[in-house]
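Heads up, the thing below is written out as structure tokens.
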Amino acid sequence: MLYQWYEAQRALLSPFAEFASASSKLYSHPLSVFSHTPMADRVSAGLDLMHRLSKDYEKPEFDIRSVDVAGVEVAVQEQVALEKPFCRLLRFKRFTDNSPVLGAMKAHPTVLVVAPLSGHHSTLLRDTVRCLLRDHKVFITDWTDARMVPLEAGAFHLDDYITYVQDFIRHIGPEVNVISVCQPTVPVLAAVSLMASRGETTPRTMTMMGGPIDARKSPTAVNNLAMNKSLQWFEHNVIHRVPVNYPGAGRRVYPGFLQHTGFIAMNPDRHLKSHYDYFLDLVRGDGDNADSHRDFYDEYNAVLDMPAEYYLDTIQTVFQDFALVNGTWQVHGEPVRPQDITHGALLTVEGELDDISGAGQTRAAHELCTGIPKPRQFHYDAVGAGHYGIFSGRRWREHVYPVVRDFIASHQSNGAAAGETTDGSEALRRPRGPRGRRG
């Protein structure tokens, strides 16, 4: 019933949100009589804030129309390369009439970015994609809101997630380099491990960023919640059925609005201050800061429902059984053996101030991937970066991305793809802060 109550509240607030938006413009538009009344700027700012606090946030667009490649602006078109019930594989296709740049783009490495299925849409990685497009052919997983998937499509388990990743890797081809951000580090490592065990071609490189490979290390508040509550507690308290006004009516999900409540509860003071600062920016007429606030919360407040089976599987496998690091994980009856990965190279990235995936959790992948020679294993600590800072924002653009770019570039030779040892020194040669180092 909680989901139904939420939908009723959302429907009730919707007209008030639109009224607040219209009224805010009434008190701010220079041609309006009301804009010249006392305190008009504060009234307008308050109504605008009310609108943003009560409105419904839809999935944002990537909105990447062009990118700079070697000093030339090239067009970017978003294409659907492969579509499945719970996910679309998107490709960002680049176009240019500049022959030298076109030749350079054809030689660029191919990257598959596996976005998290953990509450936010894949557009959260917009900055990641935009940077990668300068030097790479880019694909990304675009996970579908579970409330939009009809019951006829069946359930979606963690094992299905792994199968999807494998299908995407096969679809792109043997030249692929995989980047997994946060939650997908675990299923991506499992997917590649299973492919290696079967003798299939595995990605040239794996870059794992801020993920819970071993959640026992430096556990955060998020880890502690998942570890200390029983699976039954999660099933009884956070799993609900999609209401009848959506295509996925009747599907069991972990609703996005509950996840969003959890996100806010982690740092309530920070969000309260951010909204108050937004109010002050509007009063002062500081459009740049106000726009930055809108851009951030348009993304942050847009959430999706997760399939219940996938969510509960993840809680049990990753945070309670620690099946990957304990060597007890089986997917469709096949054991997950990271030690079977012998080709390609591995880079792990952690943020110094990450409060979601603690220090050492991602780096633990090196302890599992013993089949990859040490000269092809690297680790990088992003100094001063929180969880989002390792894939978005200034620290990502200036420090993390150059490391990732050079790491991928240094392992594109036929020798590296075939598993020959290379030192990969160029991957970590660029400036990266005092604590960046090779694993």
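The values are calculated or read from the model by the stated rules, or taken from the named source; none is laboratory data. This is a predicted model, so every value here is computed, not measured. Here the Cβ positions follow ideal geometry from the backbone for every residue, glycine too, while neighbour counts run over all protein chains shown.
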Please specify each residue of segment 179-202 satisfying the condition of being polar (S, T, N, Q), surrounded by fewer than 24 Cβ atoms within 10 Å (Cβ to Cβ) and farther than 23 Å from Ala409 by Cβ.
Gln183, Ser197
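Every residue, every condition in (1) surrounded by fewer than 22 Cβ atoms within 10 Å (Cβ to Cβ); (2) assigned by TED's automatic domain parsing to the domain that holds Ile341; (3) modelled with pLDDT under 95, yes or no:
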site: Arg376; (1), (2), (3): no, yes, no
site: Gly386; (1), (2), (3): yes, yes, yes
site: Asp406; (1), (2), (3): yes, yes, no
site: Glu420; (1), (2), (3): yes, yes, yes
Output the number of residues of segment 263-272 satisfying the condition of being more than 15 Å from Met50 (Cα to Cα), in a helix (DSSP H, G or I) and not aliphatic (A, V, I, L, M).
4
From the options Glu7, Glu18, Glu83, residue that is in contact with a helix residue (DSSP H, G or I) (Cβ under 9 Å, 6 or more places away or on another chain) and either within 30 Å of Gly119 (Cβ to Cβ) or part of a helix (DSSP H, G or I) (or both)
Glu18
Give the residues of segment 27-39 that are in a helix (DSSP H, G or I) and surrounded by fewer than 16 Cβ atoms within 10 Å (Cβ to Cβ), sorted by residue number.
Val33, Phe34, His36
Starting from residues that are hydrophobic (A, V, I, L, M, F, W, C) and in contact (Cβ under 8 Å) with a residue 60 or more places away in the chain, keep the ones in segment 377-399 and report whichever is nearest to Thr207 (Cα to Cα).
Phe378
Need pairs with beta-carbon distance below 9 Å; first residue under 16 Å from Gly119 (Cα atoms) and within segment 137-156, second polar (S, T, N, Q) and surrounded by fewer than 24 Cβ atoms within 10 Å (Cβ to Cβ); sequence gap 6+ or separate chains.
Asp142/Thr123
Positions within segment 237-288 being closer than 17 Å to Ser24 by Cβ and under 25 Å from the mean Cα position of the chain (by Cα), in sequence order:
His275
Is it fair to say Tyr310 is part of a helix (DSSP H, G or I), outside the structural domain of Asp145 (by TED's automatic domain parsing) and either in contact with a helix residue (DSSP H, G or I) (Cβ under 6 Å, 6 or more places away or on another chain) or among the basic types (Lys, Arg) (or both)?
no
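Tally the residues that are aliphatic (A, V, I, L, M), on the phi < 0 side of the Ramachandran plot and free of Cβ contacts under 8 Å to residues at least 12 places away in the same chain, restricting the search to segment 27-58.
2
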